[in-house]
1. Sketch the reach of a paramagnetic label on S231 as a point 7 Å from Cα along Cα-to-Cβ, and name the residues of the range 116-156 whose backbone nitrogen lies under 11 Å away.
2. What does the convex hull of the Cα atoms of the range 1-117 come to per residue, in Å³, rounded to a whole number?
3. Need the full-extension length gain, E105 to K2, defined as separation in residues times 0.36 nm minus the C-alpha distance. One decimal, nm.
4. Please compute the modelled spin-label separation between T299 and E222, points set 7 Å along Cα→Cβ, answer in nm with one decimal.
5. Taking 0.36 nm per residue of sequence separation and subtracting the Cα-Cα distance, how much length would be gained by fully extending the chain between I250 and A189, in nm to one decimal?
6. I need the GluC sites (Glu not before Pro) found in the range 114-209, filtered to DSSP loop residues with at most 14 other beta carbons within 10 Å of theirs.
7. Report relative contact order for the chain in percent, whole number only (criteria: Cα-Cα under 8 Å, sequence separation at least 6).
8. Could you list the trypsin sites (Lys or Arg not before Pro) in the range 1-89 that lie in coil according to DSSP, counting only those with at most 10 other Cβ atoms within 10 Å of their Cβ?
Amino acid sequence: MKTAITELFGIKHPIIQGGMHYVGLAELASAVSNAGGLGMITGLTQKTPELLAKEIARCREMTDKPFGVNLTFLPAFSAPPYPEYIRAIVEGGVRIVETAGRSPEQYMTALKTADIKVIHKCTSVRHSLKAQQIGCDAVSVDGFECGGHPGEDDIPNMILLPRAADELSIPFVASGGMADARSLVAALAMGAAGMNMGTRFIATKEAPVHENVKNALVAASELDTRLVMRSLRNTERVLKNAGVDRLIEIEKEKGRDLKIEDIHDQLAGVYPKVMVDGDMDAGAWSCGMVAGLIDDIPTVKELIDRIISGAERIIRKRLAGFLSDEPGINGATQ
């Protein structure tokens with residue numbers, strides 16, 4: 001399957017594994033790339049640029065296919081040493097970076113000078129247009145269904161993707177709610193050139209997380225995520241658990257007086273407790289509504305192969321079957 005995204009990144013299938021804290025390690029990134037998609041190492045999971053360099057080298061030993069690094073740009077008061085992280089990416093020979101969070105504008109010169117292709121994660125058309133304007137090569141358009149931070153507009157992908165297609169001249173992938181062959185076909189139909197999967201890739205054999213996490217995703221339905229930190233305008237979609245229940249209680253108690261410090265215990269240090277230790281009640285961790293479409297734990301290759309074969313089957317058989325052989329308007333076939 002060839003699209004603008006497969007051509008841009010030199011990959012076989014238009015499927016990208018998004019950056020995920022304590023999930024996007026070499027094991028998963030290499031497995032996705034080896035299966036024909038684009039794997040991503042999550043840069044800031046590595047606590048120093050030196051550790052990121054080692055993780056890139058480790059991934060390089062596991063695959064000879066293209067892979068990228070995710071860099072999430074945090075507020076200035078807590079900013080990691082981004083120039084050093086970028087240097088580790090460049091020196092590691094990585095030529096694809098997924099940026100997220102704040103605008104990557106101040107780092108675009110360094111990235112483009114190194115001939116790095118940049119795909120920026122956006123939750124709105126206006127942010128996507130800004131990413132295009134500052135020189136990003138592609139964008140990942142995140143609908144309201146997504147795990148993590150869906151922005152504050154609450155626009156689902158059935159609206160957001162066609163709007164992005166109407167406005168953008170650079171290619172984009174659909175993110176949020178992506179899980180299977182139907183997701184890919186729908187994304188392509190709405191103008192995307194591929195899809196980005198986060199939560200779905202956690203429930204795979206190669207994902208380097210505790211089995212409790214994978215089993216929780218299989219057990220969850222589309223009703224089991226919660227939106228937290230809305231009053232702080234830092235909305236995050238997370239999987240419901242005891243820690244999240246307590247967080248929501250505090251939000252209700254504090255109301256408009258809520259401060260980030262009030263929910264520190266339900267946010268700080270949660271990812272290693274969940275992903276490494278398997279403590280499913282530790283607190284808030286990003287999870288998409290797509291959990292409702294996850295019912296098994298395949299290998300990455302099995303997952304990608306069945307998405308591609310299923311998408312081809314839907315396009316060639318189911319969709320083609322709706323077309324009439326009779327001439328359409330003005331004599332054109334439908």
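Just so you know, all these numbers are worked out from the coordinates, no wet-lab data involved. Predicted model only: the values in this text are computed from it and were never measured. Glycine also receives a Cβ, built like all others from the backbone with ideal geometry; neighbour counts cover every protein chain displayed.
1. Hits in the range 116-156 for S231 at 11 Å: none.
2. Numbers: hull volume 10.8 nm³, N = 117.
Convex hull of Cα atoms, per residue: 93 Å³.
3. Values: separation 103, 0.36 × 103 = 37.08 nm, distance 2.95 nm.
Using 0.36 nm per residue and subtracting the Cα-Cα distance, I get 34.1 nm.
4. 3.1
5. The I250-A189 span can extend by a further 17.7 nm.
6. Within the range 114-209, the qualifying GluC sites (Glu not before Pro) (loop, at most 14 other Cβ atoms within 10 Å) are E152.
7. It comes to 16 percent, rounded to a whole number.
8. Values: sites: K2, K12, K47, K54, R58, R60, R87; in loops: K2, K12, K47.
Counting only loop positions with at most 10 other Cβ atoms within 10 Å, the trypsin sites (Lys or Arg not before Pro) in the range 1-89 are K2, K47.
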